[in-house]
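Structure, as structure tokens:
The values are calculated or read from the model by the stated rules, or taken from the named source; none is laboratory data. Everything quoted here is computed from the prediction, not taken from an experiment. Methodologically, a virtual Cβ is constructed for each residue, glycine included, from the backbone with ideal geometry; neighbour enumeration extends over all protein chains shown.
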Amino acid sequence: MKTGKGLIFLLLILATCIAAPAAAGDKYYTNGPDISAAIEGTNELSPGTDTTIVIYVENRGLIDLKLVETTDITPDYLPTTAKGLTATLKSGISPVTVKSDPQIVGDIPEGYYKPTQFSINIPQDAKEGDYELMLQVDYEYMYKTDQTGTDAISYRFKKVSKDIPVLIKIKPSVQLEISDVDTSGLYAGGEGYISMNITNSGSDTGKETAIYINPVGKNPVTPIENSIYVGEFKPGDEINARFKVSVSSDADPSQTYPIEVYAGYKNYEEMSSQTATTSIGVGFTGKISFESVGEPSVAYAGENSLIYVTYKNTGDATAYQAEGRISVVDPFSSDDDNVYLGDLAPGESAQGIYKVKVSSDATIKQYALDSEIRYNDAENNNYVSDTVKVIVDVQNDSNTTIIIAGIIIALVIIAAAGFMISHRKKNSE
């Protein structure tokens, strides 16, 4: 009985072995990976811009034939997988500048794609048209296996370097070319105009075009009028643009400051668009300033006196219709503290005469009175100068001075007479 059961068990084991065939391996026949590339979204680019484009790298490789052999070992790698792929974008014959280094994409199996990004610059003078960038892809793939027996396999990899054209289109655009920038009327502390000639050197006609200026960074130049309307701006058209600006009074006239110029318009697709910014340098002269020159004026305690002040324009621009004003404080008083000086070009002087009264108890010394100049610039804007100090020498009243002078003269005469009498007596002896 036991022998029969053992025989049945052996028969079952044998049947199982016959039903389960030996493990089979796969063998592939293919031309390897097939790599292609395309830009994500639109491939239309605008001149004068820095942008980032996303390129999808796709593996379209196919396995042509797969054989299953009981004696073959299935390889660990598919021969259609692009391994360790890197992508390098090159400008080709386009005007585009590529700013990114080669990008590591990694392994791409068949039927998959991966994105990679590149920063590029399209120069402002780029002409419209279709261009080809070149995407160089470098990778390797397993192209052959060597099997030893039924339990060992080795792999052979092939390196591939391939250039793939990537199509882009540079759109028509308005491009600004700026010349003949004039800031000759600008000076520190004043207002004036920046004028320039602007040409549309692009290939698109700007509709409803407006030109704008914008100071860059911490800038002493501030637009009062920062835009002008042009309307239709055809390729080759030239306009003269003027923008009113002010310059802070503490600005350094030895420096040139950057101003950006750009245009907003509707393009050929009736879409709102903006040109690239173009930078210009803005310079100006020093502020209009004045100083009091000459000797201090003399005033007498207890009397009305005339103070003569010579004002000199020490700035770099003409002051028009200048008027002087003096601020009187104790011990001075005045009903006539304004004088007309007229136009003062740089380096010119004019005299102002103020009538003041000095109190009788004034301390005899020199006083510094504050004065200022009110004037217009070339654009008829009105300004007030910084404070100009006027030195006034207060002396004793003029009558006292005359009496003292008379006494001194009398003493001199008496002394001289005494000397002569004494001299005669000596001679007579």
Tell me the residue from 330, 335, 252 that is part of a strand (DSSP E or B), out of contact with any Phe, Trp or Tyr (no Cβ under 9 Å at 6 or more places or on another chain) and farther than 19 Å from residue 211 by Cβ, please. 335
Six or more apart or on different chains, Cβ atoms under 9 Å: show the pairs whose first residue is in the stretch 149-172 and at negative phi and whose second is of a type in the set (S, T, N, Q) and at pLDDT 95 or above. 161/136; 162/136; 163/136; 164/36; 164/136; 172/205
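Being over 20 Å from residue 34 (Cβ atoms), exposed (fewer than 15 other Cβ atoms within 10 Å of the Cβ), in the same structural domain as residue 79 (by TED's automatic domain parsing) and touching a Ser or Thr at 6+ places or on another chain (Cβ under 9 Å), is that true of even one residue in the stretch 140-149? Before you say what the answer is, go through the steps one by one.
Of the residues in the stretch 140-149, the ones over 20 Å from residue 34 (Cβ atoms) are 145-149.
Narrowing the set further to residues that are exposed (fewer than 15 other Cβ atoms within 10 Å of the Cβ) leaves 146, 148-149.
With in the same structural domain as residue 79 (by TED's automatic domain parsing) added as a condition, the list becomes 146, 148-149.
With touching a Ser or Thr at 6+ places or on another chain (Cβ under 9 Å) added as a condition, the list becomes 146, 148.
Yes; the residues of the stretch 140-149 include at least one that is over 20 Å from residue 34 (Cβ atoms), exposed (fewer than 15 other Cβ atoms within 10 Å of the Cβ), in the same structural domain as residue 79 (by TED's automatic domain parsing) and touching a Ser or Thr at 6+ places or on another chain (Cβ under 9 Å).
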Residue under evaluation residue 111, criteria (1) loosely packed, with under 14 Cβ neighbours inside 10 Å; (2) part of a strand (DSSP E or B), criterion not met: (2)
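Among 281, 324, which is the only one that is in a strand (DSSP E or B) and surrounded by fewer than 17 Cβ atoms within 10 Å (Cβ to Cβ)? Please lay out each step first, then the result.
Numbers: 324 fails: surrounded by fewer than 17 Cβ atoms within 10 Å (Cβ to Cβ).
Exactly one of 281, 324 is in a strand (DSSP E or B) and surrounded by fewer than 17 Cβ atoms within 10 Å (Cβ to Cβ), namely 281.
Restricting the search to the stretch 178-192, which residues are part of a strand (DSSP E or B) and either among the aliphatic types (A, V, I, L, M) or under 17 Å from residue 246 (Cα atoms) (or both)? Lay out the reasoning, then the answer.
Looking only at the stretch 178-192, we keep the residues that are part of a strand (DSSP E or B), and these are 178-182, 187, 191-192.
Within the stretch 178-192, 178, 181, 182, 187, 191, 192 qualify.
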Could you figure out which of (1) under 30 Å from residue 319 (Cα atoms); (2) out of contact with any strand residue (DSSP E or B) (no Cβ under 8 Å at 6 or more places or on another chain); (3) not aliphatic (A, V, I, L, M) isn't true of residue 187? (2)
Kindly provide the set of residues from the stretch 193-249 that are within 21 Å of the chain's Cα centre (by Cα) and assigned to a loop (DSSP other than H, G, I, E, B), ordered by number. 216, 217, 218, 219, 220, 224, 225, 226, 248
Hey, residue 263 hits all of (1) modelled with pLDDT of 95 or more; (2) out of contact with any Gly (no Cβ under 7 Å at 6 or more places or on another chain) but one; which does it fall short on? (2)
Kindly check whether there is at least one residue in the stretch 73-95 that is part of a strand (DSSP E or B), exposed (fewer than 13 other Cβ atoms within 10 Å of the Cβ), at pLDDT below 95 and charged (D, E, K, R). no
The lone condition residue 203 fails out of (1) under 24 Å from residue 269 (Cβ atoms); (2) surrounded by 15 or more Cβ atoms within 10 Å (Cβ to Cβ); (3) modelled with pLDDT of 95 or more; (4) of a type in the set (Ser, Thr, Tyr) is (3)
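If you check residue 253 against the conditions, is it closer than 13 Å to residue 186 by Cα, of a type outside the set (Ser, Thr, Tyr), at pLDDT below 95 and assigned by TED's automatic domain parsing to the domain that holds residue 185? Explain how you work it out, then say what you get.
On the way: closer than 13 Å to residue 186 by Cα: yes; of a type outside the set (Ser, Thr, Tyr): yes; at pLDDT below 95: yes; assigned by TED's automatic domain parsing to the domain that holds residue 185: yes.
Spelling it out, residue 253 is indeed closer than 13 Å to residue 186 by Cα, of a type outside the set (Ser, Thr, Tyr), at pLDDT below 95 and assigned by TED's automatic domain parsing to the domain that holds residue 185.
One line per residue, one yes/no per condition, for (1) under 30 Å from residue 203 (Cα atoms); (2) surrounded by 13 or more Cβ atoms within 10 Å (Cβ to Cβ); (3) in the same structural domain as residue 263 (by TED's automatic domain parsing); (4) at pLDDT 95 or above:
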site	(1), (2), (3), (4)
14	no, no, no, no
98	yes, yes, no, yes
103	no, yes, no, yes
115	no, no, no, yes
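Out of the residues in the stretch 27-50 that are closer than 22 Å to residue 64 by Cα and assigned to a strand (DSSP E or B), which is nearest to the chain's Cα centre (by Cα)?
Here is the first cut: in the stretch 27-50, the ones closer than 22 Å to residue 64 by Cα are 27-36.
Filter again for assigned to a strand (DSSP E or B), leaving 27-30, 35-36.
Details: 27: 63, 28: 60, 29: 60, 30: 56, 35: 43, 36: 40 Å.
Only one residue tops the list, namely 36.
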So the check is Cβ under 8 Å with 6+ separation or different chains; which pairs have a first residue in the stretch 121-137 that's closer than 30 Å to residue 159 by Cα and not assigned by TED's automatic domain parsing to the domain that holds residue 204 and a second one that's in a strand (DSSP E or B) and among the small types (Gly, Ala, Ser)? 135/37; 135/87; 136/87; 136/161; 137/37; 137/82; 137/87; 137/161
Working only within the stretch 189-200, note down all residues that are at negative phi, in contact with a Ser or Thr (Cβ under 6 Å, 6 or more places away or on another chain) and crowded, with 22+ Cβ neighbours inside 10 Å. 194
Can you name the residue in the stretch 353-380 that is within 22 Å of residue 291 (Cβ to Cβ) and among the polar types (S, T, N, Q) and is also surrounded by the fewest Cβ atoms within 10 Å (Cβ to Cβ) among such residues? 366
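Pick out the one residue from 63, 53 that is aliphatic (A, V, I, L, M) and under 12 Å from residue 110 (Cβ atoms).
Working: 53 fails: under 12 Å from residue 110 (Cβ atoms).
Sole residue among the options that is aliphatic (A, V, I, L, M) and under 12 Å from residue 110 (Cβ atoms): 63.
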Being assigned by TED's automatic domain parsing to the domain that holds residue 220, free of Cβ contacts under 8 Å to residues at least 60 places away in the same chain, touching a strand residue (DSSP E or B) at 6+ places or on another chain (Cβ under 7 Å) and not basic (Lys, Arg), is that true of even one residue in the stretch 297-309? no
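Any residue at all in the stretch 58-72 that's in the same structural domain as residue 43 (by TED's automatic domain parsing), at pLDDT 85 or above and part of a strand (DSSP E or B)? Give the derivation first.
Applying the first criterion (in the same structural domain as residue 43 (by TED's automatic domain parsing)) to the stretch 58-72 yields 58-72.
Applying the additional criterion that residues be at pLDDT 85 or above yields 58-61.
Imposing the further condition that a residue be part of a strand (DSSP E or B) reduces the set to 58-59.
Yes, some residue in the stretch 58-72 is in the same structural domain as residue 43 (by TED's automatic domain parsing), at pLDDT 85 or above and part of a strand (DSSP E or B).
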